[in-house]
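*Asks:* Before we start, here is the structure in question, set down as structure tokens.
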Amino acid sequence: MVTLELNQPGKTVLMMGDEAIARGAIEAGVDFCASYPGTPATEITESLARVADRFNIYVEWSTNEIVAFEAATAASLAGLRALVAMKQMGVNVCADFLMTVNLAGTNGGLVLAACDDPSAISSSNEQDSRSYARYADLPLLEPADFQEAKDMTKWAFELSEKLGLPCILRSVTRLSHSRGNVKLGELPEKKRTAKFEGVYISGAFAVAQHAALHQKLEQAREEFESSPFNFYVGSRKAKFVIVTSGSGWLYSREAVAALGLENKVGILKIGTTWPLPEKFIIDHLKNVTEILIIEEVDPFLEQNLKILLAEQAKTLGPIEVYGAKSGHRPPFGELNQDRVTTALASIKGLQPKTRDVKYVEKAKEALAYIPPRMPTFCTGCPHRASLWAIKSALKLDGRDGFVTGDIGCYSIGAGPAGFFQLKTIHCMGAGIGLANGFGKLDRFAFNQPVIAVCGDSTFYHAAIPALINARVNNSNVLMVILDNGGTAMTGFQPHPGSGCDALGRPAPTVEIENICKAIGVEVRVRDPFEISQAVQELYDMLQENGPRVMVFRRRCFRIEAKEKLQEKYYVDQSKCIGDDCGCARFCSRVFNCPGIIWDQEAQKAKIDEMVCTGCGVCATLCPRGAIMVRGAAS
Amino acid sequence: MEAGKSSSDLEQEVFSQDLCTSCGACVNICPYIKVVKDKVAVIEPCGLTEGKCYDFCPRTLTDIAALDKSVFGKTRTDYSLGPYISVEMAQAKDSEVRCRAQYGGVVSALIKYALDTGEISNAVLTRPFDVAMMPASTLVEEGNQMAEFAGSNYVSSATLAKMNEAAKQGKDSLGLVGIPCQVIALRKMQSSKHDTGAKGVKLVIGLFCTWALSYKGFSEFLKGKVDLSKVRRIDIPPPPANIMVVETAAGDLRFSLDEVRKFIKPTCGVCYDMTSEFADVSVGMVEGIEDWNTLIVRTPAGKKFIDKAKKAGVLNTRPLEQARLNHLKEASSIKKKRAVDAIQKRTNDKKNLLYLRLSAQEKKKYV
């Protein structure tokens, strides 16, 4: 039995932040969950999918975030409790619906878990999604630890139902993806049935609805004034207070302890950051002369708090505010204990307590042993072959063609792993969108061919309107869809082409090439491992005008290698002539698959059998034919 | 050979100057240089300072006298046709072969004979209309496959790339049919210090060539007018017709040669060799006579082979009239003179002739 299913109220278990959010939803009796995968939010939905049958929850991986949000909202409108989880950029995809569902309102509890990725560890941007709450006038909750991740999620459903609004729950990577103790609550008995009633129309009554929305927000503020997720620790006499939210809470506590300031510095921890619990905050800042605001990424709390302080200037008197604006915390990048300690120490005129000198030295020593590594594709990854084919075709074409990139594993093709082929990367679907424009510049003497690369999951998610646009405007663009059979980067969740649902059960498929054909563009499907054919056909397609699609179809090798035993490759060192070859170590230096290494002793190439997945592409590229299948050697 | 030249130099001096002949000599000897259709490119600089690719290219330094010595053991005395033992007219004795052939069917007959008798074990040939009118170089083992390879196309394919591939597969005792630039590159490979696939080539049949068309330009020109996959034969009737005839299943199309000349590869303008001067035997048309070829025997090995073939009754031959020989020499000389002029126009250099190094006598005649 997985931890999520445990029916032992009061038991403390170790849980990942995302699991805690899922458990919170289960304890709230969630009925419906729809999401699109995205780090660091993915595990929320994956967790629910694992227990979907046990708790009678409908769980789906949707085609994109806005569809997921709309589907979840439908469940809410039918009186059910629904959760939708996404990474920060997914919230942008939802923005259109968000700015109308806030006016039209909801029925059953509806929670949008927005998981931000400070420092853009697994993202193409760094974004603080909290501003959406202020923008859309929606209540915002920020869990600061694992227990709160669970408890706040549960409460968010109740709050949503009370207000008739979706609630936004903001997590960050460090919470979503690390583990901590969570005391379990009770599992409810679920009895809800779905029934749609009423009218939910935004537009006709938009202004009246907007006015009502502000009233609901005031109602939320009232709720927040007494929320247990807002509290104060430290001496009530402290003149210096850290005001913090989210991940900043634990860092702040550690910083205060590290500097031994427990008696002098209080911490005001806010869990409900929009709208602010104003009375609660004013009450705790009455005798305070200095505050340091600690939060992750944007100065969201800082700016809202400053407005409050200005409004309350008479009551509170002058208060010195430290934070992002004062330069004590950068408004970008991930927070950590050191950053907070350094900020606090500099204000207090203390030496920041750094780590043990010996520890630091040892750590530096250890660092020297770590070889420098650029992000690379896995061994056997079809993207390496696809991008080599693209590079070859563009070079053969000779018109200075280039690639507009998109979001997926292949994004690292912008670096050496993909031979520096991707020249633009923005949001999902932007590759083909940009290519549309480039493809219409011919009257301005533009003659560079443009290839838009796009993953399979990305194609369904965001690329289809742009391809339609290319068709109707006859844009000169070659779209290369890198179809590896799933949403690989986030852990191989299924997409509309995968043939299975979120629970792994068979599902209908929507074929990429059928969509392309219906749009009316020429489409070819090829295996990128047949590299010389792939190069030739891409070259041919580059010579044509108008929109064209090449689907490079080859399953992600991480999955393929698990499913069936792969062939073993080795370098026949009697055939490899090392540096005499003239290939200048092509396999281990340029093609650079991690499965091919340089045998220093023999001064020849060698396959690292531990990592080689047996795709065999290197064997087709070796000019000496020295890379062989084991057992197939002549 | 110049030392210390790399694929990057090849790219700069040849590819980016539109001088590549797409002969394929540099393809399939490393993972970096690739060909698609008649387009060759360095996909990624290999980083080495010296490259076989550079040495083998027919548009990098080509010393005619040095090549003469390495192929024939002596330098030429005929500055129009290059070294030769004999020139005559010939045709395939087999009328079926002749029927399919562009002219006299000599090349088809000779290769079939060479394969059948084991003179060579494989032949690198060009199928003139493979896909959408692009010719394809192919490795052939059986003499009875020859039918597919009869006829001329005016687009060239990377024949030597196929030869390199064959060598990689361990094939030796090869025969090769090529146009002059391919034959020059092949001879450069054979005379190089490197171990190359060209060393397994035992019989070189060179074709006459005045120019080749760029596939991209020519195919785009034809695309709107004809289904490229239906093209069966392309012919340029002798002057003064000044036309090209494209024969398809649906009938013939005629174009003015002036229209087609726009697609001649720029590199053909600097070509100094019309008759495949470094081949064992060279074969071309006889102006005005449809079912005969001109056959030039150049090397002793070539002579030995032709003598055997004649004895075996593969060919009909007859002497080439002096007037026709003179005419051939004149045509070849005109090509040489044009090439030298074009080179000088390109470079504005009176002394150095780009890739070409000529003897004092040749310079006197053409520069």
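FYI, it's all coordinate maths here, none of it is from the lab. Computed from a predicted model, the values in this text were never measured in an experiment. So basically every Cβ, Gly included, is an ideal-geometry build from the backbone, and we count neighbours across all protein chains shown.
*Asks:* Determine the sum of side-chain charges near B:ILE85: Lys and Arg each +1, Asp and Glu each -1, restricted to other residues whose C-beta is under 9 angstrom from that of B:ILE85.
*Replies:* Surrounding charge for B:ILE85 is +2.
*Asks:* Per-residue Cβ counts within 10 Å, from other chains only, averaged over A:581-587: what number is that?
*Replies:* Per-residue shielding by partner chains comes out at 6.
*Asks:* Mind checking the mean number of beta-carbon atoms from other chains within 10 Å of the Cβ atoms in B:33-40?
*Replies:* 5
*Asks:* For chain B, with the dipole built from +1 on Lys and Arg beta-carbon atoms and -1 on Asp and Glu ones, taken about the Cα centre, which of B:ALA123, B:SER359, B:GLY217 lies farthest toward the positive end?
*Replies:* Towards the positive end, the residue furthest out is B:SER359.
*Asks:* Let me ask something else. In the range A:1-50, which trypsin sites (Lys or Arg not before Pro) fall in coil by DSSP and have 16 or fewer other Cβ atoms within 10 Å?
*Replies:* Qualifying residues, ordered by number: A:LYS11.
*Asks:* Let me ask another. Taking all pairs of different Cα atoms in the protein assembly as shown, averaging 1/r and flipping that mean, what Kirkwood radius in angstroms comes out?
*Replies:* Hydrodynamic radius (Kirkwood, Cα only) of the protein assembly as shown equals 33.5 Å.
*Asks:* Here is a follow-up. Give the relative contact order (percent, whole number) for chain B; include only Cα pairs under 8 Å separated by 6+ residues.
*Replies:* So the answer I get is 21 percent.
*Asks:* What do you get when you divide the Cα radius of gyration of the range B:115-214 by 2.2 N^0.38 Å, with N the number of residues?
*Replies:* Cα-based Rg divided by the globular estimate yields 1.03.
*Asks:* Also, quick follow-up: Lys/Arg Cβ at +1, Asp/Glu Cβ at -1, dipole of the range A:289-439 taken about the Cα centre: which of A:GLY405, A:PRO331, A:ILE307 is farthest positive-ward?
*Replies:* The listed residue farthest towards the positive side: A:GLY405.
*Asks:* Output the Kirkwood hydrodynamic radius of the range A:426-565, Cα pairs only, in Å rounded to one decimal.
*Replies:* 15.7 Å
*Asks:* Quick check on the range A:525-585: what does the Kirkwood estimate of hydrodynamic radius come out to from the alpha carbon pairs, in Å?
*Replies:* 15.2 Å
*Asks:* For the range B:150-193, what size does the Cα cloud have along each of its three principal axes, sorted from largest down, in whole Å?
*Replies:* Sorted from largest, the Cα extents of the range B:150-193 read 32, 21, 15 Å.
*Asks:* Let me ask something additional. Relative to the longest principal Cα axis of chain A, at what angle does helix A:248-258 sit, 0 to 90 degrees, rounded to 10?
*Replies:* Between helix and principal axis, roughly 70 degrees.
*Asks:* Two decimals is fine: what's Rg over Rh for the range A:291-391, C-alpha atoms, Kirkwood radius as Rh?
*Replies:* Value, to two decimals: 1.24.
*Asks:* Continuing with the same structure: Short version: what are the Cα gyration tensor semi-axes of the range A:3-64, square root of 5 times each eigenvalue, largest first, in whole Å?
*Replies:* One finds semi-axes of 20, 14, 8 Å for the range A:3-64.
*Asks:* For a quick protection proxy, order the peptides A:33-43, A:412-422 by their average other-Cβ count within 10 Å, most packed first.
*Replies:* A:33-43, A:412-422
*Asks:* Mind jotting down the three principal axis lengths of the range B:196-339 based on Cα atoms? Whole angstrom, largest first.
*Replies:* If we take the Cα atoms of the range B:196-339, the spans are 48, 37, 32 Å.
*Asks:* Treating only the Cβ atoms of Lys and Arg (+1) and Asp and Glu (-1) as charged, compute the dipole magnitude of the protein assembly as shown about its Cα centre; round to the nearest 20 debye.
*Replies:* Roughly 2840 debye, rounded to the nearest 20.
*Asks:* Can you bin every Cα-Cα distance in the range B:8-114 into 10 Å intervals starting at zero and give me the percent of pairs per bin, rounded to whole numbers?
*Replies:* Histogramming the range B:8-114 at 10 Å steps yields 12, 27, 25, 28, 8, 0 percent.
*Asks:* Related question: Would you kindly work out the equivalent ellipsoid of chain B from its C-alpha gyration tensor and give its semi-axes, the square roots of five times the eigenvalues, largest first in whole Å?
*Replies:* After diagonalising the Cα gyration tensor, the semi-axes are 28, 24, 23 Å.
*Asks:* Go through B:233-245, B:11-23, B:87-99 and give me the packing order, highest mean Cβ count within 10 Å leading.
*Replies:* Ranking, from highest mean packing down: B:11-23, B:87-99, B:233-245.
*Asks:* Could I ask something else about it? Could you pull the Rg and Dmax for the range A:217-278, using just the Cα atoms, both in Å?
*Replies:* Just the Cα atoms of the range A:217-278 yield Rg and Dmax of 12.6, 40 Å.
*Asks:* From other protein chains only, count the Cβ atoms within 10 Å of every residue's Cβ in B:47-59, then give the mean.
*Replies:* The shielding value for this peptide is 1.
*Asks:* Compute the signed sum of charges (Lys and Arg +1, Asp and Glu -1) over the other residues within less than 13 Å, Cβ to Cβ, of B:MET189.
*Replies:* Local net charge: +3.
*Asks:* On a 0 to 90° scale, report how tilted helix A:88-104 is relative to the longest principal axis of chain A, with both axes built from alpha carbons and the result rounded to the nearest 10.
*Replies:* 50 degrees
*Asks:* Under 19 Å between alpha carbons, and skipping anything fewer than 8 positions from A:LYS286 in its own chain: which lysines qualify?
*Replies:* Reachable lysines: A:LYS237, A:LYS239, A:LYS264, A:LYS269, A:LYS306, A:LYS314.
*Asks:* Would you mind working out the magnitude of the charge dipole of the range A:382-562 relative to its Cα centre, with +1 at each Lys and Arg C-beta and -1 at each Asp and Glu C-beta, to the nearest 20 Debye?
*Replies:* Magnitude of the dipole: close to 240 debye.
*Asks:* Next up: Which value in deg cm²/dmol, rounded to the nearest 500, describes the helix-derived mean residue ellipticity at 222 nm for chain A, given -39,500 (n - 2.57) per DSSP H run of n ≥ 4 and division by the residue count?
*Replies:* Theoretical 222 nm ellipticity from helices: -10500 deg cm²/dmol.
*Asks:* Grab the DSSP H runs of chain B that are 4 residues or longer, score each as -39,500 (n - 2.57), total them, divide by all residues and round the 222 nm result to the nearest 500 deg cm²/dmol.
*Replies:* Calculated at 222 nm, the ellipticity per residue is -9000 deg cm²/dmol.
*Asks:* In Å, what Rg and Dmax follow from the Cα atoms of the range A:329-384?
*Replies:* Rg then Dmax for the range A:329-384, in Å: 18.3, 56.
*Asks:* Can I ask one more? Give me the net charge for the shell around B:PHE255: Cβ to Cβ below 13 angstrom, other residues only, Lys and Arg +1, Asp and Glu -1.
*Replies:* After counting each charged neighbour, the total is -1.
*Asks:* Right, here's the next one. Excluding residues on the same chain fewer than 8 positions from B:LYS230, give the lysines whose Cα lies under 21 Å from its Cα.
*Replies:* Reachable lysines: B:LYS37, B:LYS216.
*Asks:* Using a Gaussian network model on chain B with a 10 Å cutoff between Cα atoms, which of B:ASN28, B:ASN122, B:ASN326 fluctuates the most?
*Replies:* B:ASN326
*Asks:* Quick one: Cα convex hull volume of the range B:215-261, Å³ per residue?
*Replies:* 72 Å³
*Asks:* Still on this structure, I have one more. When ranked by the protection proxy of mean other Cβ atoms within 10 Å per residue, highest first, what sequence do the peptides B:199-208, B:278-287 form?
*Replies:* Order by mean packing, descending: B:278-287, B:199-208.
*Asks:* Note the angle between two axes, namely the Cα long axis of helix A:206-225 and the longest principal axis of the Cα atoms of chain A, as a number of degrees from 0 to 90, rounded to the nearest 10.
*Replies:* Helix A:206-225 and the main axis of chain A meet at about 70 degrees.
*Asks:* Something else: For chain A, calculate the relative contact order in percent as a whole number, restricting contacts to Cα pairs under 8 Å that are 6 or more residues apart.
*Replies:* Reported relative contact order: 11 percent.
*Asks:* Now for a separate question. What number, in nm² with one decimal, is the all-direction average of the projected area of the convex hull of the alpha-carbon atoms of the range A:491-575?
*Replies:* Result: a mean projected hull area of 8.7 nm².
*Asks:* Another question, if that's okay. Could you work out the relative contact order of the range A:1-92, using alpha carbon pairs under 8 angstrom and six or more residues apart, expressed as a whole percent?
*Replies:* Dividing the mean separation by the residue count of the range A:1-92 yields 34 percent.
*Asks:* log10 I(q)/I(0), Debye, Cα-only the range A:231-348, no solvent, q = 0.21 Å⁻¹?
*Replies:* Here log10 of I(q) over I(0) equals -1.20.
*Asks:* Could I ask something else about it? Give me Rg over Rh for the range A:566-629, both radii from the alpha carbons and Rh done the Kirkwood way, two decimal places.
*Replies:* Rounded to two decimals, Rg/Rh equals 0.91.
*Asks:* Please report Rg over Rh for the range A:272-329, where both radii come from the alpha carbon positions and Rh follows the Kirkwood definition.
*Replies:* 0.93
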